[in-house]
1. Can you name the residue in region B:374-396 that is touching a residue at least 40 places away in the same chain (Cβ under 8 Å) and aliphatic (A, V, I, L, M) and, of all such residues, is farthest from the other protein chains (Cβ to nearest Cβ)?
2. Consider only pairs whose beta carbons are under 7 Å apart and that are at least six residues apart or on different chains; among these, list those whose first residue lies in region B:85-98 and is under 17 Å from B:Q363 (Cβ atoms) and whose second residue is of a type outside the set (S, T, N, Q) and part of a loop (DSSP other than H, G, I, E, B).
3. Closer than 20 Å to A:R80 by Cβ and in a helix (DSSP H, G or I) - does that describe any residue in region A:222-231?
4. If you go through region A:296-317 one residue at a time, do you hit one that is more than 8 Å from chain B (Cβ to nearest Cβ), farther than 23 Å from A:I161 by Cα, surrounded by fewer than 24 Cβ atoms within 10 Å (Cβ to Cβ) and of a type in the set (F, W, Y)?
5. From (1) in a helix (DSSP H, G or I); (2) of a type in the set (G, A, S); (3) surrounded by fewer than 23 Cβ atoms within 10 Å (Cβ to Cβ), pick out the condition that doesn't hold for B:A231.
6. So for region B:29-43 (the condition being within 14 Å of chain A (Cβ to nearest Cβ), aliphatic (A, V, I, L, M) and at negative phi), does at least one residue qualify?
7. Show the residue pairs meeting these rules: Cβ distance below 7 Å; 6+ apart or different chains; first residue within region A:234-255 and without any contact (Cβ under 8 Å) to a residue 60 or more places away in the chain and facing chain B (nearest Cβ under 7 Å); second residue surrounded by fewer than 24 Cβ atoms within 10 Å (Cβ to Cβ) and charged (D, E, K, R).
8. If B:G122 passes every condition in (1) assigned to a loop (DSSP other than H, G, I, E, B); (2) modelled with pLDDT under 95 but one, which one does it miss?
Amino acid sequence: MDFQLSEDQEALRDGIRSFCDGRFGIEALRELEGKGAFDRELWGELAEMGVFGLRLAEADGGVGLGYADAVLVFAELGRRLVPGPLAWSQLLADRIDGAASGEVVVGGLDLLGPGGGPLLVEYLAHLDVLVALRDDGVWRFDPRDLEAMPVEPALDPHTPIHQLASLPAGERIGDASDAGRLRIEGAALAAAQLLGIAEMSQELATEYARKREQFGRPIGSFQAVKHILADAFTRQELARAAVYAAGATLDDPAVGSGPRAVAAAKLVAGEAAMKNARACIQVYGGMGYTWEIPAHYYLKRTWVLENVFGTVDEQAEQMAEHVAADA
Amino acid sequence: MDLRYSESDERFRAELRAWLAQAVPEHGEPPRGADWSVRREYDTAWQRRLFDAGYAGINWPKEYGGRDASLTEQLVYYEEVARARAPYVGVNFVGLLHGGPTLMAEGTPEQKQRHIAPIIRGEQVWCQGFSEPGAGSDLASLSTRAELDGDAYVVSGHKIWTSFAQVADYCELLVRTDPNAPKHRGITWLAMPMDLPGIEIRPLPTLLGSGEFSEVYLENVRVPVECRVGAENDGWRVTNVTLSFERGTAFASDMYQLQQSLRDLASLARRVTRDEASAWDDRSLRRDVGHLAAELDAIWAMVKYTVCEAGKTGVPGMTGSCIKLHYSELKQRMGELSMRLLGRAALGRADVAGLPSSEIVHQALQSLSLTIAAGSSQIQRNIISERILGLPREPR
């Protein structure tokens, strides 16, 4: 057992971090806000970094890595709130030509959760292919065939939303078990993004608490504030362990149940992101309630990611089933 | 990033599991009730069994009779011990986790000889005389005085929260030897024999009604100078050797055991009926169980991550405080959930209507100590925010 990042993994993480720091800083995010939150050139750069082809075999033009590596990359994308249908494009890279290279932007619709809600699709206007996960398989659609209305404004300024009137007949590209598997793998990637959000929200809040002075002292010297941050850090580290374990378990099913590890990761990371983003807003005080301070971006993206590939409640019920099955 | 135990880890697991399968039933159920000498007998006999089988002092060096197991073997050990519901370390706790390791690091050859082998064989029981009524989280403010008089320190003061003092042979005792020095610099560490004249032990019943805690009153107790461990006035540093030991993997077995408790809870929920349906049909209860399960899995992953980090860097990870903080609060939430599940059946401390009320109520009450002992949750949050996040320090 060596449940630590290897040197290659550290290099992978550092590489993607410095790329995201350079391309998706706060100014870049503000600029994207006015441009529909999506930029094909940046998407191409993400593809060049290997974000979408990461798990594709080298012979197929991919990087040939596993889920333990993918979660590291997606945590970095989460830290910088990189927009776009990132998880879908990576999940479908082996089934849809051009997804790995970034020429074809793949988005998706997860219909495997509790049904009955409106058909809302992220980034629809930018998609070349839409994929839906249903209990009867994986279906592919041409976005131009879909009747859709934008929902404006969207909750997250970097996640535009369309509502579909209905879902027409599509092309079946996978069976029911493929759909189930893709949903679990998607949950692992979303959990990693949520880990990144939890981490960055904590770091922003801690940095602010160190500088901001009231009553003649940094607010980070007051226990009422520092304990909020200690809890945020603890949640983040718990989420890290769960997310890394999910990646390692998907890569090596001999070490445990992949679905269980992923459900735990999505739940713990989802909660960490939600609570840490709220903590960030709280520590920033009045400024945290403004548009100018990016704390709200983190909370809003968390809500988006919470609602893909299974919510905290769904994951909790999954976990309960795992416990009962072992009892 | 590899979570797979090695073949030799798995061989170790198979051997240990086979041994536990025989030894645990042979040793029998732990004694109930307040007779601490019976409890001492049970706990130390188990320690002796572990020693004879080569499983005592799993993390102790070989030269001191320990197993010197690799870090991953230690994880296997904690998993299997929990899985087999083997006896808890009990009265051996202070000796194995504090006293022994401190002596290994700081003791003279004579002190090591006098204590270490007897501790690991279950022949010598230790208690801890650190806290005082006026020195809790601020331990360094302790005021028990010791003055050198010829060949002995004359000690007077009042210690509290001393577990198993009634049956202990030695006490790791912190005393103030220089009242004029800054508070961290005037402290000395003594290995005090518990049979000296002037020691009075008064039980301090816990909210469980149990009596493992005592107050220890010391009145002109003459502790021979050769019982001093480390230099005079260097006791704070000596103490911190033990405290860092305590924040390591001390709770690992409990954490793993909690997974078993959660499975028990799920089984129980299927037996308890509410409005003619089983409690397990209640979706909100299932979600609560699932929530705890996810966090427990995450904590166990974090233990592995921290252990592997320690294996790589050679020093315990900084995140030990995070593990302790989250685990202790989680166990309390689990206690609360179990109590909710029992409902009115939890109003007795005995089993009611075939439900395991006594154990559940016991666990729920006992868990209240976890956020206080070994550094309260508030102290852990100070440690995390100051030592890891680098925020300004509290006055001290």
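The values are calculated or read from the model by the stated rules, or taken from the named source; none is laboratory data. The model shown is predicted, which means the values in this text are computed figures rather than measured ones. Reconstructed Cβ throughout: ideal geometry from the backbone, glycine too, with neighbour counts over all protein chains shown.
1. Residue satisfying both the conditions and the ranking: B:A374.
2. B:P87/B:P30
3. No, region A:222-231 contains no residue that is closer than 20 Å to A:R80 by Cβ and in a helix (DSSP H, G or I).
4. Checked against the condition, which is being more than 8 Å from chain B (Cβ to nearest Cβ), farther than 23 Å from A:I161 by Cα, surrounded by fewer than 24 Cβ atoms within 10 Å (Cβ to Cβ) and of a type in the set (F, W, Y), region A:296-317 yields no hits at all.
5. Looking at each condition in turn, B:A231 falls short on (1).
6. There is no residue in region B:29-43 that is within 14 Å of chain A (Cβ to nearest Cβ), aliphatic (A, V, I, L, M) and at negative phi.
7. Hits for this filter: A:D252/B:R4; A:A254/B:R4; A:V255/B:R4.
8. The single condition B:G122 does not satisfy is (2).
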